[in-house]
Every structure is written in C-alpha cells, then in structure tokens.
Amino acid sequence: MITTINNDRRKFLVQSQGFGSQRDIFCNLEAIPDVLREAFSPNEEYKVFEYWNRKLKRCSKKHLNEMFAANKVDFRIK
C-alpha cells in the first residue's frame with residue numbers, strides 16, 4: 001500500500017500485532033480509515049501510534065475517535 005504523507009499534519013504509525021506478516025504503515029490521520037480497510041483484515045489486531053517529537057505514543061480507541069470527530073473524519077473505531 002502506498003500512502004502520501006503531508007508533513008504539515010500529524011503522522012501516525014499503524015502496526016500489525018501478532019505472528020506472521022508484520023505491517024508498519026505511516027500515514028496522516030485522514031488516511032487511517034483507508035489503511036485499516038485496505039491493508040488489514042476485519043479481525044486482525046493492530047495498534048496505532050502517534051509520531052510526535054521523534055517519539056511514538058500509543059493512541060487509545062477513545063483518543064482516535066475524538067481526533068476523528070474533531071477533524072471531521074467520518075470513521076469510528078469500535
């Protein structure tokens with residue numbers, strides 16, 4: 001999967017969990033729904049990290065949903 005990153009916005013790392021094929025995909029907030037639909041199966045485990053000040057901070061589902069709502073991205077993580 002190819003993503004285009006806008007460096008003026010926050011960057012996120014979507015990382016698969018478990019054994020087998022590991023996937024690490026960097027993207028912006030608006031691209032997270034597309035990454036989850038295209039690169040991950042519905043029941044696959046993943047973690048989302050925010051890349052800020054050269055550090056990775058894990059994002060909770062609640063925090064991601066709040067950011068989606070604040071940025072008017074029509075997506076919700078259950």
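The values are calculated or read from the model by the stated rules, or taken from the named source; none is laboratory data. Bear in mind the structure is a predicted one, so any value in this text is a computation, not a measurement. Here the Cβ is made from the backbone with ideal geometry for all residues, glycine too, and neighbour counts use every protein chain on show.
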* To do: Considering (1) under 20 Å from Asp74 (Cβ atoms); (2) within 9 Å of the chain's Cα centre (by Cα), say which one Arg9 fails and leave the rest.
  => (2)
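Given Phe19, Phe68, which one is surrounded by 14 or more Cβ atoms within 10 Å (Cβ to Cβ) and of a type outside the set (Val, Ile, Thr)? Step through it out loud before you land on a result.
Values: Phe19 fails: surrounded by 14 or more Cβ atoms within 10 Å (Cβ to Cβ).
That would be Phe68, the only listed residue that is surrounded by 14 or more Cβ atoms within 10 Å (Cβ to Cβ) and of a type outside the set (Val, Ile, Thr).
Counting only residues that are β-branched (Val, Ile, Thr), give me the strands (runs of 3 or more DSSP E) lying completely in segment 24-78 with at least 2 of them.
Values: elements: 24-28, 46-52, 55-58.
Passing ranges: none, list empty.
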* Some residue of segment 32-49 being touching a residue at least 12 places away in the same chain (Cβ under 8 Å), surrounded by fewer than 14 Cβ atoms within 10 Å (Cβ to Cβ), in contact with a Gly (Cβ under 6 Å, 6 or more places away or on another chain) and not polar (S, T, N, Q) -> yes
* Give me the pairs, please: first residue somewhere in segment 1-14 and surrounded by 11 or more Cβ atoms within 10 Å (Cβ to Cβ), second residue anywhere and assigned to a loop (DSSP other than H, G, I, E, B) and modelled with pLDDT of 90 or more, beta-carbon distance under 6 Å, and either six or more positions apart or on two chains. => none
* Hits in segment 47-75 - residues which are touching a Leu at 6+ places or on another chain (Cβ under 7 Å) and either within 22 Å of Phe19 (Cα to Cα) or of a type in the set (S, T, N, Q) (or both) -> Val48, Phe49, Leu56, Asn71
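Taking the options Val73, Val35, Val48, name whichever one is in contact with a Lys or Arg (Cβ under 8 Å, 6 or more places away or on another chain), on the phi < 0 side of the Ramachandran plot and not hydroxyl-bearing (Ser, Thr, Tyr).
Testing whether each residue is in contact with a Lys or Arg (Cβ under 8 Å, 6 or more places away or on another chain), on the phi < 0 side of the Ramachandran plot and not hydroxyl-bearing (Ser, Thr, Tyr) leaves just Val48.
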